[in-house]
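Asks: Take this structure, written in structure tokens, and hold onto it; I'll ask about it next.
The values are calculated or read from the model by the stated rules, or taken from the named source; none is laboratory data. All figures in this text were calculated on a predicted structure; none of them were measured in a lab. Because the Cβ atoms are built from the backbone with ideal geometry, glycine has one as well, and the counts that use them run over all protein chains shown. Areas reflect the complete protein model, heavy atoms only, side chains present, ligands, DNA and RNA absent. Shrake-Rupley method; radii C 1.70, N 1.55, O 1.52, S 1.80 Å.
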Amino acid sequence: MHSDNLKVNSIITMQSGLRDEGYVCSQMIATTLYLAYHLEKPILVEGPAGVGKTELAKTVSIFLNTPLIRLQCYEGLDESKALYEWKYGKQLLYTQLLKDKLDQFVEKGVGLVDSIERLHNYDDIFFSAAFLEPRPLLKALQSKEGAVLLIDEIDKADQEFEAFLLEVLSDFQVSIPEIGTIKSQIKPFVFLTSNNTRQLSEALKRRCLYLYIPFPDAALECQIVRNRVPNIPEQLISQLVNFIQEIRKLDIKKRPSISETIDWARTLILVHAEVLDCEFVRSTLHIILKHEDDIRAVNEQLNMVFDSSFRAAANSD
Amino acid sequence: MDLILERFVTALRQAGLMVSTSEVIDAFAAINLVGYANQNYFQNALVATLAKSYEDKKIVILIFKQFFSARLRLNAINTRLHKQQLSVYSQKSSSFNSNLHGSQVEQLSLIFKHGLNEKYNGLPFHAKQELYFSLFNSIGESSLPLYSTRPRKGVMTEQNIDALLSTNFYNSQNRASRECLLQRNSHSVAKELKLNHNIVNVSLDQIDEMNYPKMLDIIEKMTKRINDIHSRRKRKARKGFFDSKKTIRKCATFQGFLFWPQWKLKKINRANIIVLCDISHSVSWIARFFIAFLHGLSHEVANIRTFVFCSDITEVTKILNSYPVQQAITATLNSLGINMFLPHTDYGAALSDFKKKWFSAVSRKTTVIILGDARNNYFDPRIDTFRELSERCKRIIWLNPEAKHLWTLGDSEIKRYAPFCSVVQECKTLNHLKMFAGSI
């Protein structure tokens with residue numbers, strides 16, 4: 001990471017820079033990003049699904065003008081998919097192409113032992129950097145212009161993979177048995193995201209700064225919608241945000257996140273709605289709620305929720 | 001400021017937060033970057049470096065408010081005090097007894113000044129504080145802004161701190177006392193938070209009703225963790241180890257090529273559990289947490305059928321599966337919608353009822369868990385039926401919420417039921433519940 005990057009010389013410039021790229025964030029988020037950038041530490045971002053954890057990493061990479069390298073975690077992810085793999089095909093091809101050369105070389109040896117010893121001097125050729133296929137982690141470490149490394153949904157990966165990541169997160173280096181230790185030329189800006197479906201190890205958490213992104217309050221959510229959905233009437237923003245805020249207070253399986261709010265706002269623009277009404281909301285509940293039980297539960301209380309949201313909108317005005 | 005930050009970290013550790021040295025170093029580095037001028041930045045920097053989970057974040061913010069906000073207000077108050085000219089003390093007589101007149105604030109100021117400088121200087125700090133608080137009470141609380149809300153467990157509210165800090169007792173000359181007050185208060189908050197952290201070892205009958213939602217929250221997290229561990233075991237079981245003999249046998253048709261690897265699969269089944277839960281008044285304080293605990297485990301770990309009884313027995317599995325846990329508990333404990341008669345507990349009658357209606361649900365693979373104190377009100381315990389149940393099922397686990405030394409007293413029949421149980425254990429705390437879950 002470049003500590004002398006003028007874009008990140010203060011928390012306010014960071015916050016306004018992200019806003020210009022379309023990500024409206026709270027001061028907490030901007031402060032944590034600022035600290036992570038200057039302290040050169042990874043960030044562990046937690047929060048409910050859809051609050052903008054992955055989006056944050058993407059926006060930061062655009063803001064800093066560095067490439068984004070993404071590693072999507074899943075159960076069974078291992079070194080060969082995350083770090084490196086040997087180019088087996090290339091190795092086989094080269095050995096075939098160089099077969100004649102090898103024969104000449106081995107023939108010079110007197111006896112089997114001598115021939116094998118001659119080969120031993122060259123046995124690392126086919127296990128060198130030229131035959132290494134870098135995967136996301138190695139690419140991020142070897143990137144000459146720096147990178148934003150997004151390790152998405154780390155809680156889906158195994159504990160073994162977490163243990164493997166420790167060296168990368170603490171020292172920004174990896175150990176490849178055949179080649180040695182590869183250190184990063186420019187330390188990547190590392191984001192780890194988690195939906196908290198399982199407990200991460202303490203060792204991993206200790207190496208990162210912690211950022212929890214909750215559901216936004218009404219004021220922040222209005223700003224986000226305004227930023228992401230231009231040309232939406234102001235009154236409509238206030239109504240839909242307050243409605244979503246009221247829905248989140250209900251006892252449902254999956255609370256609507258910011259991405260659902262934005263999708264709903266876009267839907268309202270498409271149908272040229274200027275105000276929210278009960279019937280329209282009823283017909284578009286499936287955009288903000290993703291379970292049949294939740295839709296049913298909200299339908300039953302729709303009038304009550306509507307009244308509360310209108311009252312909240314009136315109070316905020 | 002370094003010293004203050006160290007004290008802040010001490011307060012966090014006392015609250016049960018495991019703050020390591022490397023995190024403290026990160027916190028100092030972060031504070032050097034953002035500075036102290038902006039309170040929000042300062043707080044956010046501490047949260048980012050010292051908290052490692054959402055719960056940790058809440059603790060850091062709470063301790064931060066208690067620890068730093070009083071200090072920040074104190075600076076403002078001190079500035080105000082210096083500007084004001086409080087000449088009232090020099091005009092009054094130095095005698096303690098004759099000063100109980102005039103405005104209340106003046107009286108208190110005199111008491112403080114008098115107590116501090118003359119009669120009570122030799123007393124230790126805490127004794128002086130207690131004396132002053134009792135003096136408040138004797139003068140009359142309602143007229144004072146100082147003790148408008150009685151602090152619980154030594155934790156002072158912001159109003160208390162403000163008011164005390166604005167009296168002459170805690171003026172700028174008395175720095176040591178002020179530091180002591182702030183330290184003591186943050187330690188009290190930290191102690192209370194540590195109690196929350198150690199809540200798994202607190203007996204469930206000591207939990208106030210207002211803490212029930214918090215307890216249910218903790219139980220939900222515990223069951224989530226147990227479900228995690230169990231699902232990881234199941235994943236490992238699905239992967240298994242390479243079974244060479246089986247592979248060779250399977251691949252015989254492929255002329256020896258190991259085309260179809262076979263794995264040693266250790267099957268981990270979901271346990272079949274039947275729960276019989278006494279919901280009489282003597283046991284209801286733990287029954288709610290137990291039901292919440294089972295509710296959480298039923299997602300991954302076990303197939304659970306739940307029955308509640310007092311004298312009659314009825315199945316409540318559907319209620320627990322259909323409603324959110326809090327509602328389900330209330331419905332079950334109030335036997336809403338359940339045809340039950342709740343006089344005195346009769347284990348014998350409940351067992352007979354169970355035998356009549358649901359014995360077919362019990363098989364060799366079923367674990368029966370009974371939650372109850374076995375207090376039968378001297379009715380027939382129906383040991384014969386209980387023996388039949390034990391012969392029919394895989395095992396019986398009895399969880400008794402009473403302390404062990406009470407098991408032989410009064411109308412408790414636990415000693416008669418115990419020979420037919422695989423395990424009889426005390427179950428009063430969340431830790432007991434967790435240990436029991438491991439044995440399912």
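Asks: Take B:Ala15 and tell me if it is farther than 19 Å from A:Thr32 by Cβ and surrounded by 22 or more Cβ atoms within 10 Å (Cβ to Cβ). Please lay out each step first, then the result.
Replies: Details: farther than 19 Å from A:Thr32 by Cβ: yes; surrounded by 22 or more Cβ atoms within 10 Å (Cβ to Cβ): yes.
Yes, satisfied.
Asks: Just the residues that are hydroxyl-bearing (Ser, Thr, Tyr) and open to solvent by less than 50 Å² (accessible area, probe 1.4 Å), please, taken from the range A:283-312.
Replies: Across the range A:283-312, the qualifying residues are A:Thr284, A:Ser308, A:Ser309.
Asks: Considering each residue of the range A:294-305, count those that are touching a residue at least 12 places away in the same chain (Cβ under 8 Å) and within 30 Å of the chain's Cα centre (by Cα), and give that number.
Replies: So in the range A:294-305, the residues touching a residue at least 12 places away in the same chain (Cβ under 8 Å) come out as A:294, A:297-299, A:301-303, A:305.
Still in the list and also within 30 Å of the chain's Cα centre (by Cα): A:294.
So the answer is 1.
Asks: What residue, among those in the range B:297-314 that are modelled with pLDDT under 80 and assigned to a strand (DSSP E or B), is surrounded by the most Cβ atoms within 10 Å (Cβ to Cβ)?
Replies: Per the criteria, the residue is B:Ala302.
Asks: Now a separate question. Considering only residues of the range A:273-282 that are part of a loop (DSSP other than H, G, I, E, B) and open to solvent by less than 40 Å² (accessible area, probe 1.4 Å), which is nearest to A:Asn242 (Cα to Cα)?
Replies: Residues of the range A:273-282 that are part of a loop (DSSP other than H, G, I, E, B), as a first pass: A:273-277.
Add one more test, that the residue is open to solvent by less than 40 Å² (accessible area, probe 1.4 Å), and what stays is A:273, A:276.
Working: A:Ala273: 16, A:Leu276: 11 Å.
Restricting to residues being part of a loop (DSSP other than H, G, I, E, B) and open to solvent by less than 40 Å² (accessible area, probe 1.4 Å), the top hit is A:Leu276.
Asks: What number of residues within the range B:20-33 satisfy the criterion of being open to solvent by 10 Å² or more (accessible area, probe 1.4 Å) and more than 7 Å from every other protein chain (Cβ to nearest Cβ)?
Replies: 5
Asks: Taking the condition within 33 Å of the chain's Cα centre (by Cα) and either over 18 Å from A:Gly47 (Cα atoms) or open to solvent by 20 Å² or more (accessible area, probe 1.4 Å) (or both), does A:Asn315 pass?
Replies: Details: within 33 Å of the chain's Cα centre (by Cα): no; either over 18 Å from A:Gly47 (Cα atoms) or open to solvent by 20 Å² or more (accessible area, probe 1.4 Å) (or both): yes.
Considered against the rule, which asks whether it is within 33 Å of the chain's Cα centre (by Cα) and either over 18 Å from A:Gly47 (Cα atoms) or open to solvent by 20 Å² or more (accessible area, probe 1.4 Å) (or both), A:Asn315 comes out as no.
Asks: Can you name every residue in the range A:153-182 that is in contact (Cβ under 8 Å) with a residue 12 or more places away in the chain, open to solvent by 60 Å² or more (accessible area, probe 1.4 Å) and either of a type in the set (Val, Ile, Thr) or touching a Phe, Trp or Tyr at 6+ places or on another chain (Cβ under 7 Å) (or both)?
Replies: A:Lys156, A:Glu178, A:Ile179
Asks: Return the pairs, sorted by first residue and then second, in which the second residue is surrounded by 14 or more Cβ atoms within 10 Å (Cβ to Cβ) and among the aromatic types (Phe, Trp, Tyr), the first residue lies in the range B:396-419 and is within 20 Å of B:His281 (Cα to Cα), the beta carbons are less than 6 Å apart, and the residues are 6+ apart or on different chains.
Replies: Short answer, once both residue conditions are applied: B:Ile414/B:Trp407.
Asks: Determine, yes or no, whether A:Tyr74 is under 27 Å from A:Arg255 (Cα atoms), in contact (Cβ under 8 Å) with a residue 12 or more places away in the chain and hydroxyl-bearing (Ser, Thr, Tyr).
Replies: yes
Asks: Based on what the data block shows, is B:Asp380 open to solvent by less than 30 Å² (accessible area, probe 1.4 Å), in contact (Cβ under 8 Å) with a residue 24 or more places away in the chain and over 23 Å from B:Ile291 (Cα atoms)?
Replies: no
Asks: Return the residues of the range A:208-242 that are within 13 Å of chain B (Cβ to nearest Cβ), in a loop (DSSP other than H, G, I, E, B) and crowded, with 20+ Cβ neighbours inside 10 Å; say none if nothing qualifies.
Replies: Answer for the range A:208-242, where residues must be within 13 Å of chain B (Cβ to nearest Cβ), in a loop (DSSP other than H, G, I, E, B) and crowded, with 20+ Cβ neighbours inside 10 Å: A:Cys208, A:Ile213.
Asks: Does A:Arg255 qualify as being under 30 Å from A:Tyr74 (Cβ atoms) and open to solvent by 20 Å² or more (accessible area, probe 1.4 Å)?
Replies: Taking the combined requirement at face value, the residue satisfies it.
Asks: Separate question: Going through the range B:50-61 one residue at a time, which ones are more than 19 Å from the chain's Cα centre (by Cα) and acidic (Asp, Glu)?
Replies: none
Asks: Return yes when B:Thr21 is over 22 Å from A:Gly47 (Cβ atoms) and at pLDDT 90 or above and no when it is not.
Replies: yes
Asks: I'd like to know if the range A:15-29 contains one or more residues that are more than 27 Å from B:Tyr54 (Cα to Cα), in a loop (DSSP other than H, G, I, E, B) and more than 14 Å from chain B (Cβ to nearest Cβ).
Replies: yes
Asks: Additional query: Report whether or not B:Val47 is over 26 Å from the mean Cα position of the chain (by Cα) and either more than 10 Å from chain A (Cβ to nearest Cβ) or among the aliphatic types (A, V, I, L, M) (or both).
Replies: In short, no.
Asks: What are the pairs with Cβ atoms under 9 angstrom where one residue, in the range A:246-258, is outside any loop (DSSP other than H, G, I, E, B) and the other, located anywhere, is among the small types (Gly, Ala, Ser)? Sequence gap at least six, or different chains.
Replies: The qualifying pairs are A:Glu246/A:Ser308; A:Glu246/A:Ser309; A:Glu246/A:Ala312; A:Ile247/A:Ser309; A:Ile258/A:Gly50; A:Ile258/A:Gly52.
Asks: Right, something else. In the range A:283-302, which residues are assigned to a helix (DSSP H, G or I) and either among the acidic types (Asp, Glu) or under 18 Å from A:Ser257 (Cα atoms) (or both)? Show your work before the answer.
Replies: First, pick out the residues of the range A:283-302 that are assigned to a helix (DSSP H, G or I): A:283, A:285-288, A:292-300, A:302.
Matches in the range A:283-302: A:Leu285, A:His286, A:Ile287, A:Ile288, A:Glu292, A:Asp293, A:Asp294, A:Ile295, A:Ala297, A:Val298, A:Glu300.
Asks: Determine whether the range A:31-54 contains at least one residue that is open to solvent by 40 Å² or more (accessible area, probe 1.4 Å), within 23 Å of A:Ile224 (Cβ to Cβ), without any contact (Cβ under 8 Å) to a residue 60 or more places away in the chain and out of contact with any strand residue (DSSP E or B) (no Cβ under 6 Å at 6 or more places or on another chain).
Replies: no
Asks: If A:Leu270 satisfies all but one of (1) among the aliphatic types (A, V, I, L, M); (2) at pLDDT 90 or above; (3) open to solvent by 20 Å² or more (accessible area, probe 1.4 Å), what's the number of the condition it fails?
Replies: Result: A:Leu270 fails condition (2) only.
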